[in-house]
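Heads up, the thing below is written out as structure tokens.
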Amino acid sequence: MDGEIDRIETALGHIVEIATDLRADPDGHVRRSVQELRDAFASRGLVEPAVARVRQSILMLRSGNRDGSRREFMARAGGLDRLDELFEAEVLPDLRRLGFEV
């Protein structure tokens, strides 16, 4: 169980770092939603709504990326793909192994 928790925390930290580096989230939606997920997990609260908000914040970055120039879009595309990959391939499987239905 501790291994899953450590991997989740590490992946969430990377998600925040990538979102910050992309500078596509000036209001900090990703950072705040990740913190909400951490808080829900730590307090043994409802994790599923917090997971949905993290997903939504990542989707907001992707849709916001379409509003800029083509150059900005291309520069951010790889980072946005990495955010999706980290969340879907690393965070969610560990949460599922811990028994959460996400």
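Rule-based calculations on the coordinates, nothing more; no lab input. Being a predicted model, the structure only gives us computed values, none of them experimental.
What is the Cα coordinate range of region 2-97 on the first, second and third principal axes, sorted by size from largest, in whole angstrom?
42, 21, 17
Please turn the phi angles of region 49-59 into ³J(HN,Hα) values with the Karplus equation 6.51 cos²θ - 1.76 cosθ + 1.60 (θ = phi - 60°), one per residue in order, whole Hz, x for glycine and proline.
x, 5, 4, 4, 5, 4, 4, 5, 5, 5, 4
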